[in-house]
């Protein structure tokens with residue numbers, strides 16, 4: 001079912017992970033999880049979605065935080081889990097089968113980011129982000145009203161919001177703000193950040209911790225960027241990229 005309110009859907013752009021050594025972490029993801037090298041030493045690609053690494057000497061594990069985990073697709077979960085042996089990753093949920101959804105497993109990277117591996121055909125891609133919130137239904141409506149998206153069910157089974165090829169899922173649970181955890185924040189981009197930020201401030205509920213400002217120099221850096229937090233502690237980067 002599509003969201004009934006006509007609002008521009010934002011584009012899922014990135015997830016930021018806290019690690020002691022951003023360059024080494026980027027290389028680990030390329031070597032062990034099939035990522036493509038990014039446009040800078042501290043970032044990688046899974047399809048059109050970026051993973052960017054932030055320096056954090058001691059990130060808290062993501063499990064139990066507002067951003068509990070993210071998911072990557074692979075063609076063979078068993079083979080992927082076996083290939084991670086000796087890499088420094090830790091398997092936290094062995095390969096399992098979810099009725100109607102297929103095969104999956106949970107691992108933690110060497111720095112505490114929780115990752116779900118889901119079995120789907122095709123090249124490895126960024127599949128979804130999973131939030132932990134007290135009231136998933138209310139939070140889902142909140143995101144639809146402010147960030148757009150399409151309310152849908154993955155394989156007709158799991159309710160979520162689609163932002164292009166990336167899903168956002170919500171589960172009930174106690175949560176801590178994501179800031180400072182291994183999965184520090186997620187990012188959405190839009191064509192006009194100033195206008196969208198003004199509209200979001202009018203709607204309320206989203207706390208801007210950094211108002212829109214020019215991004216750092218460089219062809220691949222955002223033209224404008226800002227940071228905010230939702231009411232449940234999910235840190236969000238809102239950005240406008242150069243044409």
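Only the coordinates and a few stated rules stand behind these numbers; no lab work does. The structure displayed is predicted, hence computed values, not measured ones. For neighbour counting, all protein chains shown are included, and Cβ atoms are generated from backbone atoms with ideal geometry for every residue, glycine included.
Ranked from highest to lowest mean number of other Cβ atoms within 10 Å per residue, what is the order of the peptides 26-37, 153-164, 90-101, 41-52? Could the numbers behind the result be given before it?
Working: 26-37: 17.7, 153-164: 15.4, 90-101: 12.3, 41-52: 19.5.
Those peptides, ordered most packed to least, come out 41-52, 26-37, 153-164, 90-101.
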Please work out the Cα convex hull volume for region 1-77 and give it in Å³ per residue. 155 Å³
Cα-based Rg and Dmax for region 71-150, in Å, come out at 14.8, 44
Can you tell me which of 56, 175, 40 moves the most in a GNM of the chain? Springs connect C-alpha atoms under 10 Å apart. 40
Report the relative contact order of region 11-241, percent, no decimals, based on alpha-carbon pairs under 8 angstrom and at least 6 residues apart. 21 percent
Spatial extent of the chain: Rg and Dmax, with the Cα atoms as the point set, Å: 17.1, 50
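What percent antiparallel are the DSSP beta bridges of the chain, to the nearest 5?
Beta bridges within the chain, antiparallel portion: roughly 70 percent.
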I need the calculated FRET efficiency for the pair residue 36 and residue 76, taking r as the beta carbon distance and R₀ as 22 Å, to the nearest 0.05. 0.70
Taking every pair of alpha-carbon atoms in region 104-243, what share in percent sits in each 5 Å bin, from 0 to the bin with the longest distance? 2, 8, 16, 21, 21, 17, 10, 4, 0
Computed [θ] at 222 nm, helices only, for the chain once each DSSP H run of length n ≥ 4 contributes -39500 (n - 2.57): -5000 deg cm²/dmol
